[in-house]
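The structure under discussion appears below in the form of structure tokens.
Just so it is clear, none of the values below were taken in a lab; they were calculated from the coordinates. All values derive from a computational prediction rather than experimental measurement. Neighbour counts are summed over all protein chains in view; Cβ atoms, including those assigned to glycine, are modelled from backbone coordinates with ideal geometry.
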Amino acid sequence: MPFPIERLRRLRRTPGLRRMVRETRLTLDGLIEPHFACPGEHVRRDVASMPGCAQMSVDVLVEECKRSFDLGIPSIILFGIPSAKDAVGSEGYARDGIVPRAIEAVKKGVPDLVVWADVCMCEYTDHGHCGVLKGEEVDNDATLPLLAKAALTYAQAGADGVAPSDMMDGRVTAIRETLDESGYQHIPIMSYAAKFASAFYGPFRDAAESTPQFGDRRAYQMDPPNAREALHEMELDLDEGADILMVKPALAYLDIIRQARDRFDVPIACYNVSGEFSMVKAAARNDWIDEDRIILEMLTAFHRAGADIILTYFARDAARLLRA
Ligand code: PBG
């Protein structure tokens, strides 16, 4: 029924009609807001390259989390800035480390907020790599027990779930086994399954103080041109027991999100990373784009591509915009 019988503009004519036929609806339900916990009290250190984001001491963080929860944001993910770093990232798995203390305080202050703990070593190692080193290389198998130990510590502190972001082979098995042996069978793993070696992580490394002191992460994070390999990574993590599969970054990887959604029947997450956030904030500050429309368009696109869950620094903005 081509033109003039069929006219697709008929259903675009009014806001009411457009609202009725909208295929994708953005809600706050799937949003996870990242936070950076740091030592001290009454500390709030703005991250220059990420307007609105800050490193916060635990007391300040709890108040922020209350505010987010009251705005309708259902979940956060925690990263830690330790008081001291060493070669094996020991504050990452110490029971009195910054993240376990933050988890405990947030769960006490805002019990119904879903708290995920990022599991990785790069914030805690003095060399800034995501695992322990053997010479100049990250030693995969020697890193696994330390990641598992960190995940267990976070579960013991009360995290609702753990999210390994290190890209070591076999980490989901290692974490699952350790959690299960210790009575934490009920704690889900959201795996950063397809995590690419991306230039979009730049601002995060300021925020988390996790820039590698030499080299880069290309020997463990994925090569950006590879889509089939991303699906292979996700399949392996699923087989190892991952409950949620994540694609990261999001904006330049919508094709991977879509393929993951079509292939796997578990929830798919995507991480709308720091560089994607900072680009929008910087352009908006110059009045080059309409920030609010861009935020909604991006977040809607992640859902349309197939993501159920979106980790995003825009969570607060989304709460404001969806209320309006
Ligand atoms: C650490 C980690 C990174 C991010 C999340 N977890 C950075 C990296 O791999 O260098 C990036 C998040 C962002 O850019 O917003 N393993």
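What is the distance in Å between the Cα centres of region 28-96 and region 117-134? Result: 17 Å between the Cα centres. Taking each residue as 0.36 nm, the span from D239 to L321 lengthens on full extension beyond its C-alpha to C-alpha distance by 25.7 nm.
Around the Cα centre of region 167-248, unit charges on the Cβ atoms of Lys, Arg, Asp and Glu (plus for the first two, minus for the last two) sum to a dipole of about 360 debye. Between H42 and L71, the C-beta separation translates, for a Förster distance of 22 Å, into a calculated FRET efficiency of about 0.45. The dipole here belongs to the chain: it is taken about the Cα centre, uses +1 on the Cβ of Lys and Arg and -1 on the Cβ of Asp and Glu, and is about 1860 debye. If you filter region 214-285 for trypsin sites (Lys or Arg not before Pro), then keep DSSP loop positions with at most 11 other Cβ within 10 Å, what is left? In loop regions of region 214-285 (DSSP not H, G, I, E or B), the sparsely surrounded trypsin sites (Lys or Arg not before Pro) are R218.
Projecting label points 7 angstrom from Cα along Cα→Cβ for A227 and D126 puts them 4.5 nm apart.
In this structure the amide hydrogen of V119, modeled in the peptide plane, comes within under 5 Å of the amide hydrogens of A163, S165, none closer than 5 places in sequence on its chain. Summing Lys and Arg as +1 and Asp and Glu as -1 over all other residues whose Cβ lies under 12 Å from the Cβ of P100 gives a net charge of +1. GNM on the chain, alpha-carbon springs under 10 angstrom: the most fluctuating residue among R293, R67, R18 is R18. Taking every alpha-carbon pair under 8 Å whose residues sit at least 6 apart, the chain reaches a relative contact order of 17 percent. Computed 3J(HN,Hα) for region 63-78, one whole-Hz value per residue from the Karplus formula 6.51 cos²θ - 1.76 cosθ + 1.60 where θ = phi - 60°, is 5, 4, 5, 4, 4, 4, 4, 5, 7, x, 7, x, 7, 10, 10, 9, glycine and proline marked x.
Projecting the Cα atoms of Q213, G72, H232 onto the charge dipole of the chain, computed from C-beta unit charges around the Cα centre, puts G72 farthest toward the positive end.
Per-residue Karplus couplings for region 88-94, computed as 6.51 cos²θ - 1.76 cosθ + 1.60 with θ equal to phi - 60°, are listed in order as 10, x, 5, 6, x, 10, 5 Hz, Gly and Pro entered as x.
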